[in-house]
Amino acid sequence: MTSLVLFRHDLRIDDHPALAHGAKQGPVLPVFLSDPREDRGAAYQWWLRQSLRSLTQGLADLGLPLICRRGHSEEILPQLIQESGATQVYWNRRYAQAERERDQQLKSRLRQQGMVAESFPGDLLTEPWTLLRENQPFKVFTPFWKKFLQSIEPAQPCSLPQHWLAAPRLPASENPDDWHWEPRNPDWASPLLAYWQPGEPGAHQRWREFLDHRLRDYAKGRDFPALEKVSRLSPHLAHGEISPRRLWQMARERAAAEPGLRPAVDKFLQELGWREFSWHLLYHFPQLPTEPLRAEFRHFPWQEDRTSLQAWARGRTGYPMVDAGMRELWQTGYLHNRVRMIAASFLVKDLLLPWQWGAAWFWDTLLDADPANNNASWQWVAGCGTDAAPYFRIFNPSLQAAKFDPEGHYQRRWVPELAALPNSALPSPWAYPETLESLGIQLGRDYPLPIIDHAVARERALAAFQRISVRTGDHNL
């Protein structure tokens, strides 16, 4: 009996519960089913194409062809079942509302037709409905994580069978190159390969390098973008090239073997916890990608300034730390987490631009874009999420630069036109006119003047927050 195993956002062989279960039943037919209704941003789709090449090779090494099809899942899947003679269909669960509903409908329809149809948990440490407080979803991370640590023991990664059998009847496969996920005119994406190795082998290599070389300094070094102390696993997790259960297991094993690493391991696992919390929020609050979770923010006086949005997106705000981050994003498809917060705060609090605009830009340019982390993080920064930064937390980009990039290495890398400035002047070049003149640097010509005065912007933002506080009667904003 052939088992058809669906791949979507889980492009791996290790700890893939649906694949492991199907292979234990007999012949398996791995299928990558691309539904255009579920496409993500351009950078994500580029990575997806590279990852598919890696998965195709990994499965081929096991003697399993990967069949690729694109179209609406409710139309494509019955065709594949008829062409392959499959009697069983397995997949790993998804948690965004539209995807979840499609999968539930598919499962119901298949079972009505006498098929075996099962889904498995595999891409989170625990199912998003398992952690509740008095039958209500958590809205704040700290109690969520406390209960997680007290009550959840993530499942062990599933073991792979010793032998694999390919399906005897193979449907025709489409060529993903025909789906045009790799840009051609212009080809802005190929330089990304200098920074990344998409695919499951690349994910495991990056994880081993982090464990061996960067984990020890992670807890303290993760806030300093020039130090490269973070794991940079987020694109691999977003594409399911490595499972969080595998990361959890190996991190705990490393802490047990080297007790001195326990604080760093705990901090890393807490970051996995934030990923879990974001999916918990998306599952329970499906409006997360579009609507503020705090209803009073529907009345917030956001500005409609597309010129400022473009300056921010292109790294031309006149604030070196913000611009460095946005240029890193544009050139590498990635943005260090500390700098993500600084750049996002600048957009929503200095410029008073809607958080949805920032989320849309990140959605299109981040290799690790997913609907839970991206939108939960933007709502946190904007102050409109359930567990949000307080309204008065408005990052001063110059002070953040002095604190987290004190030697200026990160800013100089991505804003080379200011590389000659001394460390003291780099975060706020406009405040050092004599230094600029001595170096022949002219703001407005060589580098933009600030598009807004932070002190003025801060007062404007505080006044805007106060107005919605008075209007709604919520003085805890």
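Tabulated values for the structure
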| item | result |
| --- | --- |
| Per-residue [θ]222 nm for the chain (sum of -39500 (n - 2.57) over DSSP H runs n ≥ 4, rounded to 500) | -14000 deg cm²/dmol |
| Two-site FRET efficiency, L165 against Q82, from Cβ-Cβ distance with R₀ of 22 Å, rounded to 0.05 | 0.60 |
| Chymotrypsin sites (Phe, Trp or Tyr not before Pro) within segment 327-397, DSSP loop, no more than 14 other Cβ atoms inside 10 Å | F392 |
| Percent antiparallel among DSSP beta bridges (both partners in the chain, rounded to 5) | 5 percent |
| Computed label-point distance, nm, for sites Q197 and Q287 using a 7 Å Cα→Cβ extension | 4.6 nm |
| FRET efficiency for L132 and R393, using Cβ-Cβ distance with R0 set to 30 Å, rounded to 0.05 | 0.55 |
| Long-range Cα-Cα pairs in segment 295-472 (distance over 22 Å), rounded percent | 43 percent |
| Size of electric dipole in the chain: Cβ of Lys, Arg +1 and of Asp, Glu -1, about Cα centre, debye, nearest 20 | 780 debye |
| Global geometry of segment 113-235, whether rounded, prolate or oblate, following the gyration tensor of its Cα atoms and the 1.5 cut on a/c | oblate |
| 0 to 90° range, to nearest 10: angle between helix 42-61 axis and the chain longest Cα axis | 30 degrees |
| In degrees, nearest ten, helix 373-382 long axis to first principal axis of the chain (Cα) | 30 degrees |
| Segment 379-455 versus segment 24-53: alpha-carbon centroid distance in Å | 40 Å |
| Proportion of all alpha-carbon pairs of segment 1-90 beyond 17 Å (%) | 47 percent |
| Rounded tilt (10° steps) of 320-332 against the dominant C-alpha axis of the chain | 30 degrees |
| Binned Cα-Cα distances of segment 245-295, short to long, each 5 Å bin given as a whole percent | 5, 19, 20, 15, 11, 10, 9, 7, 4, 0 |
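FYI, it's all coordinate maths here, none of it is from the lab. Computed from a predicted structure; not experimentally measured. Methodologically, a virtual Cβ is constructed for each residue, glycine included, from the backbone with ideal geometry; neighbour enumeration extends over all protein chains shown.
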